[in-house]
Amino acid sequence: MIELDNIRVVHGAGSGAREAVSGVSLTIGTGELFGLLGPNGAGKTSLVSVLTGLRAPTSGRVILDGRELGRDGADLRRRIGLAPQETALYPAMTGLENMRFFGSLFGLKGPSFDRSAMEILEALGLAACSDRPAGTYSGGMLRRLNLAVALAHEPDILFLDEPTVGVDPQSRALLFSRIRDLHGRGRTIVYTSHHLDEVEALCPRLAIMDHGRLIACDTLPSLLGRMPGTIRAACGPVPSDLAESLAKQALGTWTNESGGFRLECPEPAARAPAVLERLIAAGIRPASLEVRASDLHSVFLSLTGRELRDG
Ligand SMILES: Nc1ncnc2c1ncn2[C@@H]1O[C@H](COP(=O)(O)OP(=O)(O)OP(=O)(O)O)[C@@H](O)[C@H]1O
Ligand SMILES: [Mg+2]
């Protein structure tokens with residue numbers, strides 16, 4: 001279990017000081033695949049650098065299974081792997097040599113290390129180019145090698161900071177499938193991203209960060225459940241007394257649109273059948289009926305008043 005107790009991170013000093021993380025407290029359970037989502041500059045990387053022990057927090061504590069990171073034994077660092085946002089690899093070394101270098105930082109070497117390093121490279125689709133200098137890899141291959149070296153010492157807690165920057169959809173699918181495998185094998189994974197769709201697809205629980213603070217931390221269903229979804233029908237005009245009654249029944253807000261209506265309500269999928277039934281009973285047969293649940297875009301918008309666009 002990882003516990004963050006009121007973490008603050010201030011970069012720089014004096015008049016140039018900048019608070020990147022402003023009192024974040026949160027708990028991540030063992031074996032969770034946890035999303036840390038926020039726009040550029042939210043403080044995600046600053047928080048990850050504290051969680052991985054790369055820097056000490058300005059104040060606050062990180063407790064890992066009851067022991068304080070940075071105080072209580074260097075062996076804790078060994079349990080942590082980080083695939084940093086800026087890939088940190090040696091271009092003149094081959095893929096395997098990079099693995100060996102990062103393994104050696106933890107005293108790992110020899111034939112059995114090479115075997116497990118090759119297995120990791122294989123799983124990330126890099127076995128065939130393991131003897132080529134990393135400097136000759138494409139951007140997507142470098143991202144995969146960045147993850148491979150983070151796994152070299154077989155950490156049980158893994159931090160992935162924007163692991164899909166600059167990768168094509170195929171490499172992204174491979175990364176996602178490896179991340180799901182690692183999660184399935186019990187690793188604790190913190191996945192940092194500003195891509196709403198990635199966090200939504202991967203992470204059952206997540207925190208949303210903005211301006212150095214956590215503005216939400218919950219399971220995906222309960223975050224989405226906070227926001228209404230939409231039932232939209234192309235059915236021509238609906239008599240106003242029926243519209244009023246349907247809105248009341250669905251606990252929603254009715255808007256007439258050209259060619260039909262839009263009904264914003266909680267749990268639209270659960271309410272749509274009753275709406276359709278009452279329309280048909282009133283002699284109205286929609287040409288189409290669209291049910292759209294809430295998504296993280298609307299959650300983010302409602303929490304911050306701003307759009308968070310992918311990209
Ligand atoms: N080494 C540093 N020195 C000074 N300021 C810094 C440093 N690192 C980060 N910052 C500032 O701290 C704030 C948070 O930055 P951080 O990199 O943690 O955000 P982020 O959420 O990871 O953003 P991104 O999505 O762009 O990676 C930003 O305002 C940034 O300019
Ligand atoms: Mg970052």
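Each reported figure results from applying straightforward, stated rules to the coordinates on display, with no laboratory input. In this text, all values refer to a predicted model and were calculated from it rather than measured experimentally. Here Cβ is always computed from backbone atoms with ideal geometry, including for glycine, and neighbour counts include all displayed protein chains.
3J(HN,Hα) along the stretch 181-193, derived from phi through the Karplus expression 6.51 cos²θ - 1.76 cosθ + 1.60 where θ = phi - 60°, amounts to 4, 4, 4, x, 8, x, 6, 8, 10, 10, 10, 9, 6 Hz, with x in place of Gly and Pro.
Fraction of C-alpha pairs exceeding 16 angstrom in the stretch 228-293: 33 percent, rounded to a whole number. To test your reading of the geometry: what angle, between 0 and 90 degrees and rounded to tens, separates the Cα axis of helix 139-151 from the longest principal axis of the chain? The helix 139-151 is inclined about 70 degrees to the chain. Extension gain, Arg78 to Ser104, is 8.2 nm, computed as 0.36 nm per intervening residue step minus the present C-alpha separation. Derived scalar couplings between HN and Hα for the stretch 228-233 equal x, x, 9, 10, 10, 10 Hz in order, rounded to whole Hz, by the Karplus curve 6.51 cos²θ - 1.76 cosθ + 1.60 (θ = phi - 60°), x for Gly and Pro.
Rank the residues Leu289, Leu36 as a footprinting-exposure proxy: fewest other Cβ atoms within 10 Å of their Cβ go first.
Values: Leu289 16, Leu36 30.
Going from sparsest to densest Cβ surroundings: Leu289, Leu36.
Taking the C-alpha atoms only, the angle from helix 240-249 to the longest principal axis of the chain is near 40 degrees. For Leu82, the amide hydrogen comes within under 5 Å of the amide hydrogens of Phe159, counting only partners 5 or more places away or on other chains and with H modelled in the peptide plane.
Residue order for Asp218, Asp161, Asp197, fewest other beta carbons within 10 angstrom first, comes to Asp197, Asp218, Asp161.
Taken one residue at a time, the phi angles of the stretch 167-178 give Karplus couplings (6.51, -1.76, 1.60, θ = phi - 60°) of 9, 7, x, 5, 5, 5, 4, 5, 4, 4, 5, 5 Hz. Gly and Pro are set to x.
Among Glu244, Glu86, Glu162, the ranking by other beta carbons within 10 Å of each residue's beta carbon, starting with the fewest, stands as Glu86, Glu244, Glu162. In the stretch 35-70, whose amide N lies under 20 Å from the spot 7 Å out along Cα-to-Cβ of His11? List them in ranges. What the label zone holds, given the 20 Å backbone N cut-off, is 36-60.
Over the Cα atoms of the chain, what is the Rg over Rh ratio if Rh follows Kirkwood?
Working: Rg = 24.1 Å, Rh = 22.0 Å.
When Rh is taken as the Kirkwood radius, the ratio is 1.10.
In the chain, helical runs assigned H by DSSP with n ≥ 4 each contribute -39500 (n - 2.57); averaged across all residues and rounded to the nearest 500, the mean residue ellipticity at 222 nm is -10500 deg cm²/dmol.
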